[in-house]
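Take a look at the structure set out below.
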Amino acid sequence: MPDGMTIDIDGNLWVACFFGRQVICVDPKEAKVIRKIAIPSKNVTSVCWGGKDYSTLYVTSGALMTTPEERAAYPSSGGTFAVTGLGTKGTPPVNYKVNLDKLK
C-alpha cells in the first residue's frame, strides 16, 4: 500500500510501501517500477531526501499494527533508515509562509 512519497531530480517518484517492507522508485513517464529497496521493517511509512547534498534517502517506519512475531522478525520496525549510494538526489525544500488568519 503506498504511503509517503518524494521525487528526485529526474522526476522519479519514490514511494514508501506500508505493509510492503520496501521503497519503490517509479518512472512516471514510463509508468514502470525501476527500483526496489528492501527495508527491514514491515510498515514503511515515509521517505524524504536529506543530507549535505540531498543524496541520502531517509526512510521512516512504524511498529503499529504488527504482531509479536512480526516485531521479532523486524526488530528495527519503528526506526528511521538512511539509504545512500542511489545515484540520484532530491532537491532542497521550498519554504512557504502561510498566513492562517487569511484562510478563515
note = Taking region 55-86 and the residues there that are of a type in the set (Gly, Ala, Ser), in a loop (DSSP other than H, G, I, E, B) and in contact with a strand residue (DSSP E or B) (Cβ under 8 Å, 6 or more places away or on another chain), the one that is nearest to Ile7 (Cα to Cα) would be Ser55
message = Return the residues of region 21-34 that are on the phi < 0 side of the Ramachandran plot and under 13 Å from the mean Cα position of the chain (by Cα); say none if nothing qualifies.
response = Gln22, Val23, Ile24, Cys25, Val26
request  = Could you tell me whether Tyr58 is touching a Gly at 6+ places or on another chain (Cβ under 7 Å), surrounded by fewer than 17 Cβ atoms within 10 Å (Cβ to Cβ) and within 17 Å of Asn12 (Cβ to Cβ)?
outcome  = yes
task = Quick one: in region 35-65, of everything that is at pLDDT 95 or above and aliphatic (A, V, I, L, M), which residue is nearest to the chain's Cα centre (by Cα)?
result = Val47
query = Looking at (1) of a type in the set (Val, Ile, Thr); (2) part of a strand (DSSP E or B); (3) more than 13 Å from the chain's Cα centre (by Cα), which is the only condition Ile9 fails?
reply = (2)
Cross-chain or 6+ apart pairs with Cβ under 9 Å, region 1-18 first and modelled with pLDDT under 95 and surrounded by 15 or more Cβ atoms within 10 Å (Cβ to Cβ), then among the charged types (D, E, K, R) and part of a loop (DSSP other than H, G, I, E, B) = Phe18/Lys42
Enumeration of residues in region 22-44 that are in contact with a strand residue (DSSP E or B) (Cβ under 9 Å, 6 or more places away or on another chain), more than 20 Å from Gly87 (Cβ to Cβ) and surrounded by fewer than 18 Cβ atoms within 10 Å (Cβ to Cβ) = Pro40
ask   = Just checking, which of Lys52, Lys89, Lys29 is without any contact (Cβ under 8 Å) to a residue 12 or more places away in the chain and in a loop (DSSP other than H, G, I, E, B)?
value = Lys52
ask   = So which of Lys102, Lys89 ends up being over 21 Å from Pro2 (Cβ atoms), within 15 Å of the chain's Cα centre (by Cα) and basic (Lys, Arg)?
value = Lys89
note = Taking first residues from region 66-79 that are under 11 Å from Arg21 (Cα atoms) and second residues anywhere that are surrounded by 14 or more Cβ atoms within 10 Å (Cβ to Cβ) and of a type outside the set (Lys, Arg), the pairs with Cβ under 7 Å that are 6 or more apart or on different chains are Tyr74/Pro40; Tyr74/Ser41; Ser77/Ser41; Ser77/Asn43; Ser77/Ser61; Ser77/Gly62; Ser77/Ala63; Ser77/Thr66
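The values are calculated or read from the model by the stated rules, or taken from the named source; none is laboratory data. Quick caveat, the model's predicted, so the values are computed rather than measured. Positions of Cβ are generated from backbone atoms using ideal geometry, with glycine treated the same way; all protein chains shown enter the neighbour counts.
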